[in-house]
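Here the structure comes first, spelled out in structure tokens, and everything after it is commentary.
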Amino acid sequence: MDDIISRLRDELKPGSDEQTRVSGTRFFKEDVLLYGVKTTLVTAIEKKYFPEVKGRTKADVLSLCERLWQSAFLEESFIACGWSYALRASFLPEDFAVFETWVARYVTNWASCDTLCNHTVGSFVEMYPEYLEALKRWAQSDNRWMRRAAAVTLIIPARNGKFLEEVLAIADILLMDGDDMVQKGYGWMLKAASESHQREVFDYVVRNRATMPRTALRYAIEKMPPELKRCAMERP
């Protein structure tokens, strides 16, 4: 089982390219460890090796995912996210502790945060909405990535019209957060919610626009009609 990761890395390394690596770092303000492998190849490697692990127990697969997370390479985190999301039909409540640990220990950039939370964690809370309360706890964390994770976990459910009450509650907690990565995360969450609940999100933005950071505000109203955007952007 262990040699799967070794073989996977043996394919990632030759696929690396210095120009791709340098170009990739420009998307991040923080230091990010990259092989410099194009996303299409990373996805192909993820899919190539998953058939070898999917017959194993869920615990074994999640353990492999954790080893990938521990490497700190962005590309390996993407493979871990793909494999964990592929297990979503078998998620159980106790899996939340694993995902929470990954966010707290290993997520160090917006790309890993969003890939994990949009899909794996987002699917989990749709299955077990009682864990939405835990996201409110994440939103109060000292860890910037846990705060962002609290919001971006709800992007896809919010886009599908779900959990509006929780979306607005998390936006309230993060409303005046000074971290731009968090601002963008909860602004994106509000934008997603506006696709199904435009009036409610518009009312929320207007009610809070005096204190909402401009970065979050811009994200939140991006999908709104021009006349609503103009109204929302007018500071009282």
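Only the coordinates and a few stated rules stand behind these numbers; no lab work does. All values derive from a computational prediction rather than experimental measurement. No Cβ is skipped: glycine too gets one built from the backbone with ideal geometry, and neighbour counts run over all protein chains shown.
Things to note:
- Cα centroid of region 134-194 to Cα centroid of region 1-64, whole Å: 28
- Our summary of shape: the Cα atoms of region 1-90 have principal axis extents of 38, 25, 19 Å, ordered from largest down, in whole angstrom.
- Residue pairs exceeding 22 angstrom between C-alpha atoms, taken from K162/K184; K13/K48; K184/K229; K54/K162: K54/K162.
- Globularity index of the chain, i.e. its alpha-carbon radius of gyration over 2.2 N^0.38 Å: 1.07
- Residue-wise HN-Hα coupling along region 193-206, computed from phi with Karplus coefficients 6.51, -1.76, 1.60 (Hz; x: Gly, Pro): 5, 5, 5, 10, 10, 4, 5, 5, 5, 4, 4, 5, 4, 4
- Scalar couplings 3J(HN,Hα) for region 135-149, obtained by applying the Karplus form with A = 6.51, B = -1.76, C = 1.60 to θ = phi - 60°, are 5, 5, 5, 4, 5, 9, 6, 6, 7, 4, 6, 5, 5, 4, 4 Hz; x denotes Gly and Pro.
- Here the Debye sum runs over all C-alpha atoms of region 116-236 as equal scatterers in vacuum, and log10 of I(q)/I(0) at q = 0.10, 0.11 Å⁻¹ comes out as -0.25, -0.31.
- From most to least packed by mean Cβ count within 10 Å, the peptides 140-148, 16-24 give 140-148, 16-24.
- Residues in region 209-221 carry Karplus couplings, in order, of 5, 5, 10, 6, x, 4, 4, 5, 4, 4, 4, 4, 9 Hz; the curve used is 6.51 cos²θ - 1.76 cosθ + 1.60 with θ = phi - 60°, and Gly or Pro positions show x.
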